[in-house]
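Scroll down for the structure; my scribbles are underneath it.
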Amino acid sequence: MGLQAIFFYIFAFVAIAAAFMVISAKNPVHSVLFLILVFFNAAGLFLLTGAEFLAMILLVVYIGAVAVLFLFVVMMLDIDFAELRSGVLQYAPVGILVGLIVAAELVVVIGGSVLTPEAAKSITMPIPNPAERTNTAALGDVLYTNYVYFFQIAGMILLVAMIGAIVLTLRHRQHIKRQDISRQVARTPATAVEVIKVKSGQGL
Amino acid sequence: MTAELLSLSLQLSMPEIILAVGALALLMIGVFTGEKSAPMVTMLAVALLVVAAVWVAVMPGSGEGWGGAFILDPFARFMKVVALIGSIVAIGLSFGQARYLELDKFEFPVVLVLSTLGMMVLISANDLISFYLGLELMSLSLYVVAAFNRDSLRSTEAGLKYFVLGALSSGMMLYGMSLVYGFTGNTGFDEIARVLSTETRGLGLIFGMVFVLAGACFKISAVPFHMWTPDVYEGAPTPVTAFFAAGPKVAAMAILVRVVSEAFSPIVADWRQIIVFVAIASMLLGSFAAIGQKNIKRLMAYSSIGHMGYALVGLAAGTETGVSGVVLYMTIYMVMTLGTFACILAMRREDGVYLENVEDLAGLSSTKPFMAVVLTALMFSMAGIPPLAGFFAKYFVFVAAIEAKLYALSVIGVLSSVVGAYYYLRLVKLMWFDAPKGEFARTGGILRLVFGLSGLFVVAYVVIGGPIGMAANAAAKSFF
């Protein structure tokens, strides 16, 4: 058993255990933290298969953005998780059914590729050998050359999403105290401090 | 990609680049000049679209760019000009009305320009990926503008409904595209056609094709994917509805034509039965469901469902005359629709309330004779009465269907157009023979210009139709 196999079992075991904890932890914040652990281990598994680009994207996007967003939502929204969880046993049969279907599909897919190895030949763009070319470099090769048109349009789509989110939700409220940096900087002792003579026995 | 190929690609997609860079510039102008900039940005947006339209129409050159993802042929050129004119007129329609409808924010024209960019990408798509990206860019902008009047419950509901259903249809279409890719090994339309012509088609590919067609049919609101149309048309602000009914329909129909007559051209028999079914269902539903409508925007929604059915009759033929009929139908449909929506926008009371009921048109001939004449011409044209433009549109698609021996389809189509004539003529009867119920406010100059031009086009089509028909024929030659 090589070093790679040992790491595979560590990552796989921790990932599954953490995934179980995500759904069984009592505190939703703990659930999100376990979810981050799952993402870390999945990234490790990607690294073992030579997909280092996917691994890094998983770290940056899922942990850096999505999981943090989850944490915000969990902490800021007042969701009664105990109530959400009360029907777990009720939904268990459906959950088991879905699990069985996914398992059956996995068997079909893996069985299919074992029974008919020639199916893999229909792939027109084979993955380059990771020893000769890292997949980050391979992606970079085509993303900004062959696929630059798609890349730019995808950028425009994201821009529309951003404009839409702002225009549909931003409201300019009138009576809000906002920070005005130029006013803050322009303050002098003469405008900021007022000296008042307090007459004895009267107060302010 | 070599420098030579890159410069060719840039040259071919120059109108798209103009729109993309221009939209970014407009956004900057809007942000830095503040909230009062809406009228100026709207005018600049119209100018930008005019520049792009002129570029598309005048600049020579054709071929594939960006590694086959983009294609500029006579068909794309014609449809792009039509879609751009639709967008220009629809933005123009919003111009005088924006402040009544709370559309007077600078983001509104910017999002519409981006949506138009999506239409151009869609019309020029020669690859499943650019097909999807163009569709998504167009639709995402449409979801935003449908909900643009966010204080109105109806507008928000329209936007949300459109978004949820549109996302569902995009998901289905992506699923279909992944199946097509899986069973042909390619995403380019040319390569898919090549694979399909050499190999026997599998069942999985048919599944994929059905899902792709379903996604495109959703965008043109053909039955059975039409459910969103009446609600969204009714709920969205009227200039936005006019925009929906113009460019996006043209662009989605263009990609539907391209995908079946290019990528799926070797399996005509398989897609023809789908198109025939969709066409028959749309024509029937469009004619019967519109009869009971009281709201004129809902009426226009059902009318547009019916018109999409007639346009698909030409596509079902799968011949050069058929495609030329579709191109012509979409052009005439767009002009008629924009004219009608200009009339609907003119139904504004003195106090700024927009009327939307069919009954409010009663006695229009005595209160606003010019508008009544134009609207009558448009309604007769939509019903397909000669010698107006709508008659020629229907004539060419049905001739193509009969040439392709689709007799049942043609008979059902002609009969349902008779049913459809009822509700168009009911509007005419209301305008000319009923007593007026109230006065409308003075009509703005842009609205008068738009419905005047549209009425002129419809009436004078007998005279000016020749060159348009020839351009449509040249466009259809791209595929055959």
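Projecting the Cα atoms of A:Val114, B:Ser197, A:Gly201 onto the charge dipole of the protein assembly as shown (Cβ charges, centred on the Cα centre) puts A:Gly201 farthest toward the positive pole. For chain B, the relative contact order comes to 15 percent (Cα pairs under 8 Å, sequence separation of at least 6). Using a probe of 1.4 angstrom and keeping all protein chains present, the accessible surface of chain A works out to 79 square angstrom per residue.
Only the Cβ atoms of Lys and Arg (+1) and of Asp and Glu (-1) were treated as charged; on that basis the dipole of the range B:343-396 about its Cα centre amounts to roughly 260 debye.
Taking A:Arg173, A:Arg183, A:Arg133 as the candidate residues, the one with maximal mean-square fluctuation in a Gaussian network model of chain A, Cα springs under 10 Å, is A:Arg183. The percentage of C-alpha pairs in the protein assembly as shown whose separation is greater than 50 Å is 23%. Apolar share of the accessible surface for chain A: 71 percent from carbon plus sulfur atoms, 1.4 Å probe. Highest GNM mean-square fluctuation among A:Leu97, A:Leu59, A:Leu69, for chain A modelled with Cα contacts below 10 Å: A:Leu97. For the range B:302-371, the alpha carbon convex hull comes to 97 Å³ per residue, rounded to a whole number. Mind listing, in residue-number order, the residues in the range B:112-148 that have at least 30 Å² less accessible area with every protein chain present than in their own chain alone (1.4 Å probe)? Residues meeting the cut-off: B:Leu114, B:Val121, B:Ile129, B:Leu133, B:Leu137, B:Leu140, B:Val144. The percentage of C-alpha pairs in the range B:192-310 whose separation is greater than 25 Å is 29%. Once you sort the root eigenvalues of the Cα gyration tensor of chain A as a ≥ b ≥ c, which label holds: rounded (a/c under 1.5), prolate (a/b larger than b/c) or oblate (the other case)? Cα axes put chain A in the prolate bin.
In units of the compact-protein estimate 2.2 N^0.38 Å, chain B shows a Cα radius of gyration of 0.93.
Measure off, as a whole percent, the carbon and sulfur share of the 1.4 Å-probe accessible area of the range B:247-390, all protein chains present. After summing per-atom areas, the C and S share lands at 64 percent. In the structure shown, the pairs B:Lys161/B:Lys368; B:Lys105/B:Lys294; B:Lys219/B:Lys429; B:Lys80/B:Lys394; B:Lys249/B:Lys368; B:Lys219/B:Lys294 are assessed against 27 Å; a Cα-Cα span above that value is assigned to B:Lys161/B:Lys368; B:Lys105/B:Lys294; B:Lys219/B:Lys429; B:Lys249/B:Lys368.
Suppose every K and R has +1 on its Cβ and every D and E has -1 on its Cβ; what is the size of the dipole of the range B:294-440 about the Cα centre, in Debye to the nearest 20?
160 debye
Only protein heavy atoms count here; on that basis, with a 1.4 Å probe, B:Thr156 has an accessible area of about 60 Å². GNM remark for chain A: springs join alpha carbons under 10 Å apart, and the peak mean-square fluctuation among A:Asp141, A:Asp78, A:Asp180 falls on A:Asp180. In the range B:11-31, which residues become less accessible by 20 Å² or more once every protein chain is in place, relative to the chain on its own, using a 1.4 Å probe? Residues passing the criterion (a loss of at least 20 Å², heavy atoms only) are B:Leu24, B:Leu27.
Rounded to the nearest 100, the interface formed by chains A and B buries 2300 square angstrom of accessible surface, both chains summed, with a 1.4 Å probe.
Positive-end ranking of B:Ala147, B:Ser7, A:Ile6 along the dipole of the protein assembly as shown, with charges on Cβ about the Cα centre, is headed by B:Ala147.
Is the C-alpha gyration tensor of the range B:78-135 telling us rounded, prolate or oblate? Criteria: a/c under 1.5 is rounded; beyond that, a/b larger than b/c is prolate, otherwise oblate. Oblate, because a/c is 1.5 or more while a/b does not exceed b/c.
Counting only residues at least eight positions apart within a chain, or on another chain, the aspartates and glutamates with an alpha carbon under 16 Å from that of B:Lys477 are B:Asp73, B:Glu262, B:Glu320. Legend: residues in the range A:147-171 shielded by at least 50 square angstrom of accessible surface upon adding the remaining protein chains to the isolated chain (1.4 Å probe, heavy atoms) are A:Tyr149, A:Phe150, A:Ile153, A:Met156, A:Ile157, A:Val160, A:Ile163, A:Val167, A:Leu168, A:Arg171. Once the 1.4 Å probe is applied to the protein heavy atoms, chain B comes out at 36 Å² accessible per residue.
The values are calculated or read from the model by the stated rules, or taken from the named source; none is laboratory data. Not measured: the values here are computed from a predicted model. Note: ideal-geometry Cβ built from the backbone for every residue, glycine included; neighbour counts use all protein chains shown. In case anyone asks, the SASA skips ligands and DNA or RNA and just uses the protein heavy atoms, side chains included. Shrake-Rupley method; radii C 1.70, N 1.55, O 1.52, S 1.80 Å.
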